[in-house]
Amino acid sequence: MHYCLRCHYALGPLPGVPADQFGEFTADVRCPECAFEIPKGARMLVGSSTEAGAQPLTSRRRMRQILLALAPSGYCLAIGFQGVAALVQQGTAGYTVWNAMRTLPLVGLGFIIWAAWRKWTPVEGSNGRAPVSWDRRWLCVPGALEVFSGETTDAGVRSVGGGAEVRTSTDGAKAKVSWLQSHLSGLYRHEAADIRNIRVYSPQDHWNRWRSGDRAVAQLMASVWLRDATGRRADMHTVMIYLDTKGEPGQPGRDRTSAVLDAGDAIARSIRRTIGMAETESDDGVAVADATDGHAGVPPLAVEGSLYAQRASPAPKMEIIRLFCIPLTFSFGGAMACALPAVTRWQSGRPAVAPWLIWFGAMSLVVFAIMLALTIWLIRRTHRRELALCRWDVGTHGIRVTERHFTRKAKPTAEFTRDIPAGHIAAIGPSPKNGRMRLVASDQVRRELASITLNAIPEGGAEALAQRIRERVWGGGERGDERGDQPGA
């Protein structure tokens, strides 16, 4: 059943609405409730901002998500209880403006509880779904991707109505302001020319257990460029959605991560075709050259993808921040604890502080500066690794690996090429990592010789692509079949 992206009106009975959840609209459809129009050829994706929101809603999952929403509010809870205790214990004398203000965090905490409960409670007339299960919605139209966020309410319709579009083609700081305003309004539109890629991640790691009844949820992430007034790329941000792919776990013994990625990539291929990205990013992630490599007339095969298999943004940046949060806090606190007494003594004209205190404060400040610089460098490095590309040119000679690196604004900085002879390769196969699918070429002792992270998986799956590579390297794939060595197996 399809629902209106603005008012959640059921569109199923209307002509032109596809029966398939991810199908194309066969005619222009206008919502009878809010007059929102979906053009012919569009695709509608309805999902969640969290993985749990795309899974079946259970009492245990709902209570856990509410407790997670309350976790950052522990400090406010303590301050509020202190204010209440002061009002109760001190009697009439305790009724001061300060004590009253200290109780206000409890009001905010109550609002958080109400909002979390409302977000995770099923709504009548929505087939038992909670608002969190549709708080992210993508409308894929020819030439653009329109993203809706938040709940479908009348207020949201009024704030975005009138055919207003929020575009990201602005300059500098205005681009970020426009991006923030679009988030607040619930709708923002990205032109196909500004979409760098659409990748699929599996939020389910292979070492985690799957609960009975869990859905095959995939995370789709679109990387979008912001442009300045001159049309140059100024910054890049990501939009993502957790989506129930309706995929099956597959045959026994198969990695469920691979099954989720295959089902998610089938959806991503349809999105690329709808918005017009087929020319910039191949539908199957593979480009075959016309020329032969001079050996038995076997055409070379070119496979393009990413160089690194990083987790979906902003997870890598948050991991770095969590890693350096404690060192930064302690070093800055130590520097301030030494600086305040020194300043106080200097202002009062008293004797200077002990030399060891000055030395400790200076060292704390140095450590803080080093840790802060290292944190910023690692975050920037993570962003550059996200842009790094890789290409495999496969032939009977082996594999030629080309690595291309870019700045944060996608300007080329370096390119490296190396050849791996066919005689050194003992196995070629798919291997999931960090929710992405890689192809890994390894030697006889399973040492990794080269790897490439697929931005798009062919319709036959990653294993079919690995078989095509083996056929060109070994002339039919007999060597890989005899060894049976598949990385990640």
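Within segment 94-106, if we keep just the residues that are open to solvent by less than 100 Å² (accessible area, probe 1.4 Å) and assigned to a helix (DSSP H, G or I), the residue that is modelled with the lowest pLDDT turns out to be G94. The residues in segment 4-23 that are in a strand (DSSP E or B) and more than 21 Å from G150 (Cα to Cα) can be counted, and the count is 0. Scanning segment 301-343 for residues that are farther than 28 Å from G435 by Cβ and open to solvent by less than 30 Å² (accessible area, probe 1.4 Å) yields S331, G334, A335, C338. Within the option set I358, I376, being without any contact (Cβ under 8 Å) to a residue 60 or more places away in the chain and under 22 Å from M318 (Cβ atoms) holds for one residue only, I376. For segment 58-65, the criterion of being open to solvent by 60 Å² or more (accessible area, probe 1.4 Å), modelled with pLDDT of 85 or more and outside any loop (DSSP other than H, G, I, E, B) is satisfied by no residue at all. Residues of segment 22-37 that are buried (at least 16 other Cβ atoms within 10 Å of the Cβ) and at pLDDT 85 or above: F22, E24, F25, V29, C31, F36. Would you pick out the residues in segment 397-422 that are open to solvent by 40 Å² or more (accessible area, probe 1.4 Å) and either of a type in the set (K, R) or not in a strand (DSSP E or B) (or both)? Correct list: H397, R400, R404, T407, R408, K409, K411, R418. Cβ-Cβ contacts under 7 Å between residues 6 or more apart (or on different chains), taken from a first residue in segment 20-48 that is more than 22 Å from V132 (Cα to Cα) to a second residue that is polar (S, T, N, Q) and part of a loop (DSSP other than H, G, I, E, B), are listed as K40/T26. All of G83, G41, G16 fail the test of being surrounded by 14 or more Cβ atoms within 10 Å (Cβ to Cβ), of a type outside the set (A, V, I, L, M), in contact with a Ser or Thr (Cβ under 9 Å, 6 or more places away or on another chain) and closer than 30 Å to W98 by Cα, apart from G83.
Scan segment 423-432 and give yes if some residue there is open to solvent by 10 Å² or more (accessible area, probe 1.4 Å), under 26 Å from V473 (Cβ atoms), part of a helix (DSSP H, G or I) and at pLDDT below 90, otherwise no. Yes, because at least one residue in segment 423-432 is open to solvent by 10 Å² or more (accessible area, probe 1.4 Å), under 26 Å from V473 (Cβ atoms), part of a helix (DSSP H, G or I) and at pLDDT below 90.
Filtered by the rule that a residue be modelled with pLDDT under 70, surrounded by 11 or more Cβ atoms within 10 Å (Cβ to Cβ) and either under 24 Å from L328 (Cα atoms) or of a type outside the set (V, I, T) (or both), segment 346-363 gives a lone residue, W346.
Can you find, within segment 444-454, the residue that is modelled with the lowest pLDDT among those that are open to solvent by 20 Å² or more (accessible area, probe 1.4 Å) and touching a helix residue (DSSP H, G or I) at 6+ places or on another chain (Cβ under 9 Å)? Only one residue fits best here, namely Q444.
Exactly one residue among D393, D419 is more than 30 Å from A335 (Cβ to Cβ) and more than 31 Å from the chain's Cα centre (by Cα), and that residue is D419.
Of the listed requirements (1) modelled with pLDDT under 90; (2) in a helix (DSSP H, G or I); (3) more than 25 Å from V200 (Cα to Cα), I370 misses just one: (1). For segment 218-234, a residue qualifies if it is over 26 Å from S48 (Cβ atoms) and either hydroxyl-bearing (S, T, Y) or open to solvent by 40 Å² or more (accessible area, probe 1.4 Å) (or both), and the qualifying residues are R227, D228, A229, T230, R232, R233. Cβ-Cβ distances below 9 Å connect no pair with a first residue in segment 436-457 that is free of Cβ contacts under 8 Å to residues at least 40 places away in the same chain, a second residue that is of a type in the set (D, E) and buried (at least 22 other Cβ atoms within 10 Å of the Cβ), and a separation of six or more residues or different chains. Across segment 376-390, the number of residues qualifying as open to solvent by less than 40 Å² (accessible area, probe 1.4 Å) and either small (G, A, S) or under 17 Å from the mean Cα position of the chain (by Cα) (or both) comes to 5.
Only residues that are in contact with a helix residue (DSSP H, G or I) (Cβ under 6 Å, 6 or more places away or on another chain) and modelled with pLDDT under 85 were counted across segment 235-265, and they come to 3. In segment 392-404, the residues that are over 8 Å from D419 (Cβ atoms) form Cβ pairs under 7 Å with partners that are of a type in the set (K, R) and open to solvent by 40 Å² or more (accessible area, probe 1.4 Å), at six or more places apart or across chains, as follows: D393/R400; T402/R391.
Exactly one of these conditions fails for M371: (1) over 27 Å from N455 (Cβ atoms); (2) free of Cβ contacts under 8 Å to residues at least 40 places away in the same chain; (3) buried (at least 16 other Cβ atoms within 10 Å of the Cβ). Give me its number. Against the list (1) over 27 Å from N455 (Cβ atoms); (2) free of Cβ contacts under 8 Å to residues at least 40 places away in the same chain; (3) buried (at least 16 other Cβ atoms within 10 Å of the Cβ), M371 comes up short only on (2).
The values are calculated or read from the model by the stated rules, or taken from the named source; none is laboratory data. For clarity, every value in this text was computed on a predicted model and none was experimentally measured. Every residue, glycine among them, receives a Cβ derived from its backbone with ideal geometry; neighbour counts consider all protein chains shown. Calculation scope for accessible area: heavy atoms of the full protein, side chains included, ligands and nucleic acids excluded. Shrake-Rupley method; radii C 1.70, N 1.55, O 1.52, S 1.80 Å.
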